[in-house]
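Participant: Structure incoming, see below.
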Amino acid sequence: MRRFGPLGIIALLIVLLALLLGGGYGAHQLTINNHFCAACHAYEKTSWDQSEHRQVDCIACHTKGFAYDKIQGTRKVWLTVTGQVNPHNDPLPRYPEETSENCVDCHITDAIAEEQPFFIARHNRYMEHAPTCMACHDSGHERQLQRMKRP
Ligand code: HEC
Ligand code: HEC
Ligand code: HEC
Ligand code: HEC
């Protein structure tokens with residue numbers, strides 16, 4: 001049987017920590033709450049408040065799947081509390097493809113295809129020429145306000 005290498009052990013520890021933090025229903029509810037996100041992402045909270053999507057929860061656009069969210073969330077808390085990243089000021093990574101897939105889940109559905117076939121047909125064509133929905137649409141964040149984060 002293969003032994004776990006050091007990376008395997010680290011991965012295991014992260015998963016355990018994630019389960020500890022995210023395992024309980026209460027903890028899960030807490031960590032998908034918009035106010036929880038705002039604790040570390042004040043600028044994004046403000047630009048979201050002013051956006052067309054203020055009634056859509058942060059996590060609806062930013063989820064990359066339950067397990068990934070929990071592991072990534074634990075990692076983010078670690079990076080923040082150990083001072084390695086200041087989420088309010090430091091440049092953050094972006095995952096536009098995943099975000100765009102979440103847009104599709106709400107806006108390009110079978111039900112909408114039935115109701116508005118031409119809307120879907122046009123969008124299929126748009127997507128042949130654009131990498132993500134955000135090429136043409138403002139995201140969940142009002143642009144002017146979000147830009148103020150990084151002068
Ligand atoms: C304890 C502080 C903290 C909390 C709470 C927090 N984040 Fe983050 N967030 C971070 C840090 C640190 C990074 C940078 C991670 C990196 O460098 O990989 C980040 C990165 C991000 C990014 C950009 C990269 C990515 O993973 O997509 C998004 C989007 C994001 N967070 C959304 C959220 C949402 C939504 C919530 C609430 C469910 C949330 N964050 C809660 C600290 C936090
Ligand atoms: C309608 C979808 C949508 C909603 C709702 C939404 N966002 Fe975003 N967010 C985006 C898009 C699109 C981007 C651009 C980058 C990307 O695709 O990852 C982004 C970027 C971010 C980033 C990275 C910022 C940077 O500096 O690059 C963070 C952090 C973030 N959002 C947090 C939040 C938080 C916190 C909330 C809730 C208060 C929220 N988002 C609500 C769509 C959304
Ligand atoms: C959880 C479901 C959900 C997700 C995810 C979501 N949206 Fe929306 N979107 C809505 C709702 C609700 C509205 C407001 C009501 C409406 O006009 O349908 C809206 C409105 C819009 C509008 C019309 C706003 C206007 O100009 O009047 C556009 C365009 C849009 N969304 C694009 C996006 C894009 C791009 C993403 C991904 C970054 C996204 N949406 C993610 C639910 C969602
Ligand atoms: C090449 C540019 C382009 C791309 C890429 C694009 N759209 Fe659009 N979108 C438009 C235009 C133009 C309209 C208005 C005319 C129409 O319906 O085609 C629109 C309309 C919409 C509307 C209706 C807005 C309203 O006011 O009723 C929604 C929702 C929407 N798009 C969501 C999306 C989503 C989700 C994606 C990614 C899958 C996306 N769009 C990608 C150009 C684009």
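Participant: Excluding CYS136 itself, what net charge comes from residues whose Cβ is under 14 Å from its Cβ, given Lys and Arg +1 and Asp and Glu -1?
Facilitator: After counting each charged neighbour, the total is 0.
Participant: Divide, for the stretch 65-122, the radius of gyration over alpha carbons by 2.2 N^0.38 Å, where N is the residue count.
Facilitator: Normalised by 2.2 N^0.38 Å, the Cα Rg of the stretch 65-122 equals 1.69.
Participant: Right, next: For the stretch 45-120, what does the relative contact order come out to in percent, with C-alpha contacts under 8 Å and a separation of six or more?
Facilitator: Contact order relative to length: 32 percent.
Participant: Same structure, new question: Distance from a point 7 Å along Cα→Cβ of ILE108 to each backbone N in the stretch 126-151: keep the residues under 13 Å and list them by number.
Facilitator: Counting only backbone N, you get 126-137.
Participant: Rounded to the nearest 20 Debye, what is the dipole magnitude of the stretch 17-151 about its Cα centre when Lys and Arg each give +1 and Asp and Glu each give -1 at the C-beta?
Facilitator: With only Lys, Arg, Asp and Glu charged at Cβ, the dipole is about 620 debye.
Participant: Please list 85-94, 46-55 highest first by mean number of surrounding beta-carbon atoms within 10 Å per residue.
Facilitator: Put in order of decreasing packing, that is 46-55, 85-94.
None of the figures in this text is laboratory data; all of them are computed from the coordinates on show. What you are looking at is a predicted structure, and each value in this text was computed from that prediction instead of being measured. With ideal geometry, Cβ positions are generated from the backbone for all residues, glycine too; neighbour counts draw on all protein chains shown.
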